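Asks: One structure coming up, written as structure tokens, with questions to follow.
The values are calculated or read from the model by the stated rules, or taken from the named source; none is laboratory data. Model, not experiment: these values are computed from the prediction. A quick note on method: Cβ atoms are made from the backbone with ideal geometry, for glycine too, and the neighbour counts reach across all protein chains shown. When the accessible area is computed, the model is the full protein with side chains, heavy atoms only, and any ligands, DNA or RNA have been set aside. Shrake-Rupley method; radii C 1.70, N 1.55, O 1.52, S 1.80 Å.
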Amino acid sequence: MEPLSRKTRIFYLTILIIIFVILVPITLLYSSGYRLGDGFKLVKTGGIYVGLNESNAELFLDGKLVKKVGILKDGFFVQDLTPRVYYVVVKKDGYRKWEKILEVLPKRVSETSAFILPNNIPYTEIIPSSTAYTEALKLFSTSTETQLIKSEYPEILATSTNIGKKIEDVKRKGNIVLWREGNSIYARWVNDNGNAPSYFCRENGVCDKEILINKKPVQFFDFHPKSNELLLFVINDVVVMTEIDPRIPRNIQTLFEAKGVKIRTQGDYIFIKEPTKAGIKIFKYKL
Amino acid sequence: MSLYLPDDFHVGRASELEGRDRLLYRFFEILPGLLSWTTLVGVVLLSFLAPKIAAYLIIGFSLFWLLKTIYLSIHVRHNWRRLRNNMNTNWSDKVSNLKYDHLWQLVLLPYYNESFETVSNTVKKLAETTGNKKKMIVVLAPEERAGDCATDIASRVIKEYRDIFGHTLVSVHPKNIPGEMAGKGSNIAYAAEVARTEILDKNDIPYEDVIVSAFDIDTMVYKDYFLCIVWHFLTTEDPHHTSFQPIPLYNNNIWDAPPFSRVAATSGTFWQMIQQERPEKLATFSSHAVSFKALYEVNYWQRNMVSEDSRIFWNLLFANNGNYNVIPISYPVSMDANLAPSSWQTFKNIYKQNRRWTYGAENIPYILYHSIKNKKFPLWKKIHLSLVQIEGFWSLTTHPLVLFSLGWLPLLVGGREFSTTILSYNLPIVARTFLTLAMFGLIISAIISTSLLPPRPKHHPKSKYIGMVLQWVLVPITMIIFSALPGLDSQTRLMFGRYMGFWVTPKYVTKEDTV
């Protein structure tokens with residue numbers, strides 16, 4: 001039996017080179033977002049990426065189901081979208097919906113993070129006589145972990161917009177800083193522009209936007225323990241979770257409601273303290 | 001045509017030369033590492049500075065890799081059929097029409113501190129081959145630096161088999177010979193010369209009638225190996241300008257070796273199977289056969305470098321002004337896969353062995369240097385061979401790293417401007433699709449490797465066959481750890497003039513393997 005002849009090898013090689021020459025431009029154009037439109041014209045498309053805090057959810061664009069995620073994925077990526085504005089909804093059975101209006105630009109991906117919460121949050125009450133109760137109670141005697149001491153925040157917020165203003169309760173998680181100015185809560189990106197979420201960024205690529213989160217007086221605010229793009233607030237005795245992303249609508253979900261309620265976070269848990277006539281109740285929930 | 005044998009014919013490294021030649025050779029030593037490092041650093045810089053271009057290159061490169069895998073799989077599959085065909089051929093019948101009584105088989109078996117069992121097993125296999133053993137000369141070549149024990153092993157083995165073979169000889173390679181590097185090359189060169197003076201000359205055996213098989217001490221020949229060599233020797237147009245390359249299988253202990261060792265070893269076999277189907281790119285590797293006359297003319301294997309197995313081909317090619325080639329015989333010899341008492345030691349041994357093999361990049365300066373010096377060598381052939389060798393060592397080192405690790409760098413360092421593009425999202429999707437499709441080639445690998453397995457020893461359960469198939473998912477990892485990294489390591493050493501010595505792969509014999 002003879003080795004592969006030179007002629008045979010050249011034949012295979014030629015075929016594969018032809019395939020390569022044909023596939024390379026097609027693949028590169030596809031990867032960049034180009035698709036064949038009407039009349040075989042190349043059109044530019046864009047995409048949407050929605051990060052998720054839950055598995056087994058569904059993504060709807062303009063009311064149409066476009067994607068489901070299973071237990072392994074932590075987000076939706078949809079491409080081949082004509083550049084325009086889309087109404088994006090994330091749903092899951094037994095959970096509250098999350099929605100956002102996003103603009104899709106040619107060859108770009110509009111990114112956002114969705115958070116969905118159960119309709120009925122399964123809080124666990126900590127038994128008052130337990131050690132866990134004593135430990136949980138201690139959390140409420142301290143401020144939050146993300147609170148910065150005063151000497152740290154002039155460096156972080158040293159911009160012209162803040163000069164002369166009274167800045168309080170500065171908190172930092174990752175590269176996002178939250179602070180209170182009067183009754184308002186603001187957020188800002190404080191690192192280089194490279195990894196900033198797009199909603200912090202201006203058209204010139206500089207990501208220094210100060211985002212107004214809330215104008216009403218808040219009793220408490222802090223970052224979500226697992227994400228620096230989500231926030232926990234206590235406003236008028238209501239515990240809510242919201243997002244920094246200012247694109248409309250800003251999703252706000254109620255977690256708990258009780259007079260004099262207070263919250264703290266530790267690890268992945270939120271601890272809720274509810275003063276009642278019978279004494280102080282403490283609940284916990286894994287976010 | 002006269003042979004090209006200048007004074008610097010056996011140059012091993014730049015420091016052995018003077019003046020401009022030394023600078024030239026040094027530059028050529030730097031070249032392989034420089035190319036590899038430039039490529040890798042280039043990919044990193046491009047990922048930072050122009051992530052879009054980096055992404056385009058990586059996607060294109062992934063497609064290239066898929067098509068290359070298909071192309072090479074065609075070679076492996078054809079060679080597999082040829083290998084099985086040759087193993088099922090009755091070579092006694094095939095050579096019966098040829099006159100070959102005048103031919104002698106000179107077998108050189110160098111070793112260092114290997115055990116009696118290893119040496120004895122190998123010689124036993126020689127004794128079990130077909131053909132006239134009285135036309136066989138077996139030379140056991142222990143190293144003097146291994147001490148009396150190694151010599152004693154040779155004496156014991158020879159005593160047991162001396163009546164079977166035509167001639168036997170123990171050639172103890174002296175230690176500390178000036179100008180020599182301790183290693184296989186210097187040992188077999190010495191052994192070949194001792195065999196010449198002690199056996200060939202004393203028995204008036206013409207050099208042109210002797211075929212030399214230079215084996216590693218763990219090389220087990222299959223029964224028709226020598227008849228297969230004889231047939232190729234006699235049917236080749238110019239046997240004294242030809243080397244004969246079998247396929248190295250690593251089957252001796254494959255059932256005992258851990259998965260990563262099996263994958264690394266069998267990947268080496270597959271590479272040789274590919275090369276067997278494109279002989280214009282084939283150089284001798286490990287165990288091979290060659291005419292004694294040709295060897296004698298170039299003063300045997302080089303004694304001052306590591307990769308003597310491939311260098312002898314380049315020696316013979318340049319000495320004969322390009323009129324020399326390798327015939328792939330598509331017949332196997334079997335050697336040991338790396339195996340040590342512990343997995344970690346095995347892991348380290350594989351790395352070191354692959355570093356030694358990839359140090360074959362030391363042939364690049366030799367090829368380029370003598371390509372310039374030897375004006376009688378056809379120009380197009382010099383250019384082609386040089387490019388093939390340079391590309392081979394460059395791709396060995398850079399391709400796995402670019403595909404399986406650096407390729408994802410634009411996603412990490414490309415910045416927000418890049419990370420929010422469709423291209424950024426599609427880079428992992430498209431590249432992963434191509435690489436996954438390429439991984440389907442592993443199914444062919446699993447089928448072929450399973451078919452080449454020796455019978456399962458009784459102390460291994462049948463379920464081990466499952467591991468023999470599933471092991472192939474380790475390929476991306478073994479390509480980086482046992483191919484790219486040792487390749488980069490050896491090229492970097494060559495680049496900085498930190499020349500390597502010959503590292504002897506330890507042979508570990510399990511109780512079940514002893515005769």
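Asks: For peptide B:48-56, how many partner chain Cβ atoms fall within 10 Å of a residue's Cβ, on average?
Replies: Details: counts 0, 0, 0, 0, 1, 0, 0, 3, 5.
Mean number of neighbouring Cβ atoms from other chains: 1.
Asks: Please give me the summed charge of the neighbours of B:SER291: other residues whose Cβ is under 11 Å from its Cβ, Lys and Arg +1, Asp and Glu -1.
Replies: Working: positive: B:LYS293; negative: B:GLU208, B:ASP209, B:ASP238, B:GLU297.
So the surrounding residues net to -3.
Asks: What percent of all Cα-Cα pairs in region B:162-242 falls in each 5 Å bin, counting up from 0?
Replies: Histogram of Cα-Cα distances, whole percents per bin: 3, 11, 18, 21, 22, 17, 6, 2, 0.
Asks: Which value, to two decimals, describes the C-alpha radius of gyration of chain B once divided by 2.2 N^0.38 Å? Could you put the intermediate results ahead of the total?
Replies: Values: Rg = 23.5 Å, N = 515, 2.2 N^0.38 = 23.6 Å.
Compared with the compact-globule rule of thumb, chain B sits at 1.00.
Asks: Distance between the C-alpha centers of region A:211-287 and region B:214-287? Whole Å please.
Replies: 71
Asks: Give the Debye-formula value of log10 I(q)/I(0) at each listed q (0.15 Å⁻¹), with one equal scatterer per alpha carbon of region B:1-139, two decimals each.
Replies: Computed log10 I(q)/I(0) values: -1.04.
Asks: For region A:124-286, compute Rh as the Kirkwood radius over C-alpha pairs and then the Stokes-Einstein diffusion coefficient at 25 °C and 0.890 mPa s; write the answer in µm²/s, rounded to an integer.
Replies: Values: Rh = 16.9 Å.
Translational diffusion coefficient: 145 µm²/s.
Asks: How big is region A:40-114 on each of its three principal axes, counting only the C-alpha atoms and giving the largest first in Å?
Replies: For region A:40-114, the Cα extents along the three principal axes come out at 43, 23, 19 Å.
Asks: Can you tell me how region B:342-476 classifies by the Cα gyration tensor, rounded, prolate or oblate, using a/c under 1.5 as the rounded cut?
Replies: On the way: a/c = 2.14, a/b = 1.09, b/c = 1.96.
In terms of gyration-tensor shape, oblate.
Asks: If you don't mind, another one. Using alpha carbons only, how many degrees (0 to 90, rounded to 10) separate the axis of helix B:308-319 from the longest principal axis of chain B?
Replies: 80
Asks: Averaged over its residues, how many other protein chain Cβ atoms are within 10 Å of peptide A:1-8's Cβ atoms?
Replies: On the way: counts 10, 3, 11, 10, 1, 3, 0, 3.
Counting other chains' Cβ atoms within 10 Å and averaging over A:1-8 gives 5.
Asks: Order these peptides, B:394-406, B:91-103, B:202-214, by their mean beta-carbon neighbour count within 10 angstrom, highest first. All intermediate terms of the calculation are to be shown ahead of the outcome.
Replies: Values: B:394-406: 21.0, B:91-103: 13.6, B:202-214: 18.3.
Top to bottom by mean Cβ count within 10 Å: B:394-406, B:202-214, B:91-103.
Asks: Strictly greater than 26 Å: what percent of every Cα pair in chain A meets that? Write out the running numbers ahead of the final one.
Replies: Numbers: 23258 of 41041 pairs.
In whole percent, the share of Cα-Cα pairs in chain A beyond 26 Å is 57.
Asks: Only Cα pairs under 8 Å and at least 6 apart count here; give the relative contact order of chain A as a rounded whole percent. Display every interim value, and only then the final one.
Replies: Details: 535 pairs, mean separation 33.7, N = 287.
Here the relative contact order equals 12 percent.
Asks: What's the center-to-center distance, using Cα atoms, between region B:324-361 and region B:437-459 in Å?
Replies: 18
Asks: How big is region B:1-75 by the Kirkwood estimate over distinct Cα pairs, in Å? Write out the running numbers ahead of the final one.
Replies: Working: mean 1/r = 0.0614 Å⁻¹.
16.3 Å is the Kirkwood radius here.
Asks: Ignoring ligands, DNA and RNA, what accessible area per residue does the protein assembly as shown give at 1.4 Å, in Å²? Could you put the intermediate results ahead of the total?
Replies: Numbers: 35940 Å² over 802 residues.
Computed with neighbouring chains in place, this is 45 Å² per residue.
Asks: Also, quick follow-up: Could you sort the peptides B:28-35, A:34-41 by per-residue average Cβ neighbour count (10 Å cutoff), highest mean leading? Display every interim value, and only then the final one.
Replies: Working: B:28-35: 21.5, A:34-41: 10.1.
Taking the mean over residues of other Cβ atoms within 10 Å, the ranking is B:28-35, A:34-41.
Asks: Whole number please: convex hull volume per residue, Cα atoms of the protein assembly as shown, in Å³.
Replies: Working: hull volume 190.2 nm³, N = 802.
Enclosed volume per residue, from the Cα hull, is 237 Å³.
Asks: What order do you get for A:100-109, B:284-293 when each peptide is scored by the mean count of other beta carbon atoms within 10 Å, highest first? Mind showing how you got there, number by number?
Replies: On the way: A:100-109: 18.3, B:284-293: 22.8.
Ranked from most to least packed, the peptides come out as B:284-293, A:100-109.
Asks: While we're here: With solvent modelled as a 1.4 Å probe, how much accessible area in total do chains B and A shield from it at their shared surface, in Å² to the nearest 100?
Replies: Values: alone 21860 and 17100 Å², together 35940 Å².
Looking at B and A, the buried total is near 3000 Å².
Asks: Please average, across the residues of B:425-433, the number of beta carbons from any other chain that are within 10 Å of each residue's own beta carbon, and give a whole number. Could the numbers behind the result be given before it?
Replies: On the way: counts 9, 10, 1, 0, 3, 4, 2, 0, 1.
That works out to 3 on average.
Asks: Add -39500 (n - 2.57) for each DSSP H run of 4 or more in the protein assembly as shown, then divide by its residues: what number comes out at 222 nm, to the nearest 500 deg cm²/dmol? Let's see the in-between values first.
Replies: Working: 23 runs with 314 residues, N = 802.
-12500 deg cm²/dmol, from helical runs alone.
Asks: May I ask you to give the percent of accessible area on chain B that is carbon plus sulfur, with a probe radius of 1.4 Å? Numbers along the way, then the final one.
Replies: Values: 12230 of 20360 Å².
C and S atoms contribute 60 percent here.
Asks: Okay, next question. List the pairs from A:LYS91/A:LYS173; A:LYS7/B:LYS281; A:LYS68/A:LYS100; A:LYS259/A:LYS281; B:LYS134/B:LYS223 whose alpha-carbon separation is above 22 Å, in the order I gave them. Mind dumping the intermediate values first?
Replies: On the way: A:LYS91/A:LYS173 28 Å; A:LYS7/B:LYS281 16 Å; A:LYS68/A:LYS100 17 Å; A:LYS259/A:LYS281 12 Å; B:LYS134/B:LYS223 16 Å.
From the list (A:LYS91/A:LYS173; A:LYS7/B:LYS281; A:LYS68/A:LYS100; A:LYS259/A:LYS281; B:LYS134/B:LYS223), the Cα-Cα distance tops 22 Å for A:LYS91/A:LYS173.
Asks: Follow-up question, since we're still on this one. Which angle from 0 to 90°, rounded to the nearest 10, does the C-alpha axis of helix A:6-31 make with the longest principal axis of chain A?
Replies: 40
Asks: Still on this structure: Tell me the angle of helix B:51-88 to the major Cα principal axis of chain B, expressed in degrees between 0 and 90 and rounded to the nearest ten.
Replies: Helix B:51-88 sits at roughly 30 degrees to that axis.
Asks: How far is the Cα center of region B:1-79 from the Cα center of region A:53-106, in Å?
Replies: 47
Asks: Then there's this: In whole percent, what relative contact order does chain B give with Cα contacts below 8 Å and a gap of six or more residues?
Replies: Numbers: 838 pairs, mean separation 127.0, N = 515.
Worked out over chain B, it gives 25 percent.
Asks: Continuing with the same structure: Taking 8 Å as the Cα distance limit and 6 or more residues as the minimum spacing, I'd like the relative contact order of region A:124-286 as a percentage. Please list the in-between numbers first.
Replies: On the way: 293 pairs, mean separation 28.3, N = 163.
Once divided by the residue count of region A:124-286, the mean separation gives 17 percent.
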